[in-house]
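Student: Pasting a structure here, questions to come.
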Amino acid sequence: MAGTKQIRQGAVMEGIFAMYCAAYLIDPNHGKSSGDVKKFINSLAVDTQLKELATKDAKAVKYNKTFPNELGKSSVFGTTVVTGAQAKKKLPPARAKDISKYIRNNMSYFETIEEVGYPDFSVVNLKITLKEAETGFFYGDQLKKLLSEEQEDSKVVLVYEDIKKRMDTLIKQKDTIWFGKLIRAKERFIKNNTSDVVHWRVDADGVGGEVSGGTVKEDITVKVWANGKKIHEETIKISLKADSRTIHSGGIYDGIDKLYEMFGSLLPQQEYQNAINLLTDIKKKKNFTYNGNIVTARQAINIVWRMMIRYIPGESDVPEYQWNNMFWDILQKNIFGTGSGKHFVLVDVRLNPAEVSELSKEHFHYLKDSGMKMYPMFVEGRQGADTPGNVFLMPKYPDGTVEKNKDRAIYKFSVLYLKPKIAGVRAEVGVPNKLMVNLGGIKSVIHEDAFDIHKEHFVNS
């Protein structure tokens, strides 16, 4: 079992979120009883297993089962389960000809009958793969210790209390965007005045995003096959956070190139040439001489970054909108990645306050197409900090109002600094370590649930 330092509540919640989606799809009462949903989730979580990952010495928390199944977990919701042979006999004669071929005699199916009397038959496959180092304390045998109050590590117990609070918040929120998408996807097949055979697949992959190099942003995917056909327009993709607004965390070597592409053109000719020379040497990731001094690649990155920030407009400067389109493109790429599809929602399950904050693809495009523009605003860091400050991407709303409150920024670029160890001793001065891209504060218009605060600025858009 890995140590507690690597615990990520967001990663733990990915598995719980996927189990909740499966519970909703199975439950004939659509998740009405929070107690039943929690009972279902706990029964699955303790049933997960540790498996080897392809990465050397790495393990994963895994679950891959189809409901109804022999474990009886689906009986939590009082479901009606029939065999495939029984299901075929219940199909209306006119429908049997078209869809009975999608029902296997020896499989079990959930039977759902709406008021009109047409039976639907479904199965739900739940597949979860999470990194053990980040989540292992809260699944399988380790979860059993927590449930029986035998876990002695106080930090694990405290984190588990947070996880339970987040789970309660998630289950109680019935008016969220992602939940509405799930409702519509489910009801499309059970309220359409005909019989259907539906296969649901809920997949939480806490490893795939890393393997993709960050281009895959979704953590949970819900897919549906109806009557043998994969229904792409019903696929729901969710990126899950736990009190985190980070949408990108990357190495500083690539990061400085991206920052230079944006702001390098601001440099006067001589400094522009100095930056080009430094960037050329930085790519070698070796020590070299600059202005008569030996510098490391990271120290050189610090020099280039501090060169640029002197010319990025500050809080009292006139806003510059020349990069507007590029800032929208960067934001879109970092939120949605590639192949995110139509129904993509970024979901943040918060503790204080206990709420679910969301950003859907529809909201993003509404803002982008509204005429709202973005401009960069550099804000200095606190005195004595290693980092010189951050670049906030601020909105000019469609009605012409220019936002100056950095807490209402659309997003921001942050260069994180780290004090490296030299011969086992921590250095006194930090050097750039990571480039972070974070969404704005909870009152930013980028968060869909905060839009009412700003809607007066969009009245004519």
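The values are calculated or read from the model by the stated rules, or taken from the named source; none is laboratory data. Keep in mind that this is a model prediction, so the values were computed, not measured. Ideal geometry is used to build each Cβ from the backbone, glycine not excepted, and the neighbour counts take in all protein chains shown.
Student: Going by the conditions given, is R184 assigned by TED's automatic domain parsing to the domain that holds R104, under 21 Å from Y63 (Cβ atoms) and of a type in the set (D, E, K, R)? Talk me through it step by step, then tell me what you get.
Tutor: On the way: assigned by TED's automatic domain parsing to the domain that holds R104: yes; under 21 Å from Y63 (Cβ atoms): no; of a type in the set (D, E, K, R): yes.
Against the criterion (assigned by TED's automatic domain parsing to the domain that holds R104, under 21 Å from Y63 (Cβ atoms) and of a type in the set (D, E, K, R)), R184 does not qualify.
Student: Starting from residues that are part of a loop (DSSP other than H, G, I, E, B) and closer than 16 Å to A22 by Cα, keep the ones in segment 52-74 and report whichever is modelled with the highest pLDDT.
Tutor: Within segment 52-74, the subset part of a loop (DSSP other than H, G, I, E, B) is 53-58, 68-72.
Checking the rest, the ones that are also closer than 16 Å to A22 by Cα come to 68-69, 71-72.
Working: P68: 93, N69: 80, L71: 63, G72: 62.
The residue in question is P68.
Student: Sticking with this structure for a sec: Hey, among the residues in segment 34-51 that are exposed (fewer than 15 other Cβ atoms within 10 Å of the Cβ), more than 18 Å from A11 (Cβ to Cβ) and out of contact with any helix residue (DSSP H, G or I) (no Cβ under 6 Å at 6 or more places or on another chain), which one's modelled with the lowest pLDDT?
Tutor: So the residue we want is D47.
Student: Assigned to a loop (DSSP other than H, G, I, E, B) and assigned by TED's automatic domain parsing to the domain that holds Y24: which single residue out of G117, G136 fits that description?
Tutor: On the way: G136 fails: assigned to a loop (DSSP other than H, G, I, E, B).
Only one candidate passes the filter, namely G117.
Student: Given the condition of a type outside the set (D, E), free of Cβ contacts under 8 Å to residues at least 60 places away in the same chain, within 30 Å of T296 (Cα to Cα) and assigned by TED's automatic domain parsing to the domain that holds V379, answer yes or no: does some residue in segment 429-442 qualify?
Tutor: Taking every residue of segment 429-442 in turn, at least one turns out to be of a type outside the set (D, E), free of Cβ contacts under 8 Å to residues at least 60 places away in the same chain, within 30 Å of T296 (Cα to Cα) and assigned by TED's automatic domain parsing to the domain that holds V379.
Student: Answer yes or no: is there a residue in segment 152-167 that is under 26 Å from N69 (Cα atoms) and assigned by TED's automatic domain parsing to the domain that holds A226.
Tutor: Let us first name the residues in segment 152-167 that are under 26 Å from N69 (Cα atoms), namely 167.
Retained after the next criterion (residues that are assigned by TED's automatic domain parsing to the domain that holds A226): 167.
Among the residues of segment 152-167, at least one is under 26 Å from N69 (Cα atoms) and assigned by TED's automatic domain parsing to the domain that holds A226, which makes the answer yes.
Student: Tell me, yes or no, whether segment 225-236 has at least one residue that is under 25 Å from M107 (Cβ atoms), of a type outside the set (A, V, I, L, M) and surrounded by 21 or more Cβ atoms within 10 Å (Cβ to Cβ).
Tutor: Step one: list which residues in segment 225-236 are under 25 Å from M107 (Cβ atoms), which gives 225-232, 234-236.
Now narrow it down to the ones that are of a type outside the set (A, V, I, L, M): 225, 227-230, 232, 234-235.
Going one step further and asking which of them are surrounded by 21 or more Cβ atoms within 10 Å (Cβ to Cβ), we end up with 234.
Yes: segment 225-236 contains one or more residues that are under 25 Å from M107 (Cβ atoms), of a type outside the set (A, V, I, L, M) and surrounded by 21 or more Cβ atoms within 10 Å (Cβ to Cβ).
Student: F263 is checked against (1) closer than 18 Å to P420 by Cβ; (2) buried (at least 17 other Cβ atoms within 10 Å of the Cβ); (3) not aliphatic (A, V, I, L, M) and fails just one. What number does that condition carry?
Tutor: Unmet for F263, out of (1) closer than 18 Å to P420 by Cβ; (2) buried (at least 17 other Cβ atoms within 10 Å of the Cβ); (3) not aliphatic (A, V, I, L, M): (1).
Student: Restricted to segment 281-324, and to residues that are in contact with a Phe, Trp or Tyr (Cβ under 6 Å, 6 or more places away or on another chain) and of a type in the set (A, V, I, L, M, F, W, C), which residue is surrounded by the most Cβ atoms within 10 Å (Cβ to Cβ)?
Tutor: Among residues in segment 281-324 that are in contact with a Phe, Trp or Tyr (Cβ under 6 Å, 6 or more places away or on another chain) and of a type in the set (A, V, I, L, M, F, W, C), the one surrounded by the most Cβ atoms within 10 Å (Cβ to Cβ) is M308.
Student: It is to be established whether one or more residues within segment 288-304 are within 30 Å of H365 (Cα to Cα), without any contact (Cβ under 8 Å) to a residue 24 or more places away in the chain and not in a helix (DSSP H, G or I).
Tutor: Applying the first criterion (within 30 Å of H365 (Cα to Cα)) to segment 288-304 yields none.
No: zero hits.
Student: Looking only at segment 427-461, filter to residues that are of a type in the set (A, V, I, L, M, F, W, C) and in a helix (DSSP H, G or I); which one of those is farthest from G384 (Cα to Cα)?
Tutor: At the first step, the residues of segment 427-461 found to be of a type in the set (A, V, I, L, M, F, W, C) are 427, 429, 431, 435-437, 439, 442, 445-446, 450-451, 453, 458-459.
From what is left, the residues that are in a helix (DSSP H, G or I) are 450-451, 453, 458.
On the way: A450: 34, F451: 36, I453: 35, F458: 40 Å.
Only one residue fits best here, namely F458.
Student: Taking the condition of being free of Cβ contacts under 8 Å to residues at least 12 places away in the same chain and of a type outside the set (K, R), how many residues in segment 152-175 meet it?
Tutor: Residues in segment 152-175 being free of Cβ contacts under 8 Å to residues at least 12 places away in the same chain and of a type outside the set (K, R): 6 in total.
Student: What do you reckon, is N274 of a type in the set (S, T, N, Q) and either within 20 Å of A385 (Cα to Cα) or exposed (fewer than 13 other Cβ atoms within 10 Å of the Cβ) (or both)? So that I can check it myself, show each step before the final result.
Tutor: Working: of a type in the set (S, T, N, Q): yes; either within 20 Å of A385 (Cα to Cα) or exposed (fewer than 13 other Cβ atoms within 10 Å of the Cβ) (or both): no.
Criteria not met by N274.
Student: Sort out which residues of segment 184-203 are within 19 Å of L126 (Cβ to Cβ) and either exposed (fewer than 14 other Cβ atoms within 10 Å of the Cβ) or modelled with pLDDT of 95 or more (or both), and write them in order of number.
Tutor: Listed by number, the residues that qualify are V197, V198, H199, W200, R201, V202, D203.
Student: Still on this model: What pairs come up if the first residue lies in segment 91-111 and is small (G, A, S), the second is assigned to a loop (DSSP other than H, G, I, E, B), and their beta carbons are under 7 Å apart, counting only those six or more places apart or on different chains?
Tutor: So the pair list comes out as S100/L91; S108/P68.
Student: Right, here's the next one. So if I check each of V216, V211, which one is modelled with pLDDT under 95, surrounded by fewer than 22 Cβ atoms within 10 Å (Cβ to Cβ) and closer than 15 Å to G341 by Cα?
Tutor: Values: V211 fails: closer than 15 Å to G341 by Cα.
Checking each option against the conditions leaves just V216.
Student: What are the pairs with Cβ atoms under 8 angstrom where one residue, in segment 189-213, is not assigned by TED's automatic domain parsing to the domain that holds V124 and the other, located anywhere, is modelled with pLDDT of 95 or more and in a loop (DSSP other than H, G, I, E, B)? Sequence gap at least six, or different chains.
Tutor: As it stands, the answer is none, since no pair meets every condition given.
Student: In addition: Can you report the number of residues in segment 91-102 which are touching a helix residue (DSSP H, G or I) at 6+ places or on another chain (Cβ under 9 Å) and either acidic (D, E) or surrounded by fewer than 17 Cβ atoms within 10 Å (Cβ to Cβ) (or both)? I'd like the intermediate steps shown before the answer.
Tutor: Pass one, segment 91-102, residues touching a helix residue (DSSP H, G or I) at 6+ places or on another chain (Cβ under 9 Å): 91, 96, 100.
Those left that are additionally either acidic (D, E) or surrounded by fewer than 17 Cβ atoms within 10 Å (Cβ to Cβ) (or both): 96, 100.
Of the residues in segment 91-102, 2 are touching a helix residue (DSSP H, G or I) at 6+ places or on another chain (Cβ under 9 Å) and either acidic (D, E) or surrounded by fewer than 17 Cβ atoms within 10 Å (Cβ to Cβ) (or both).
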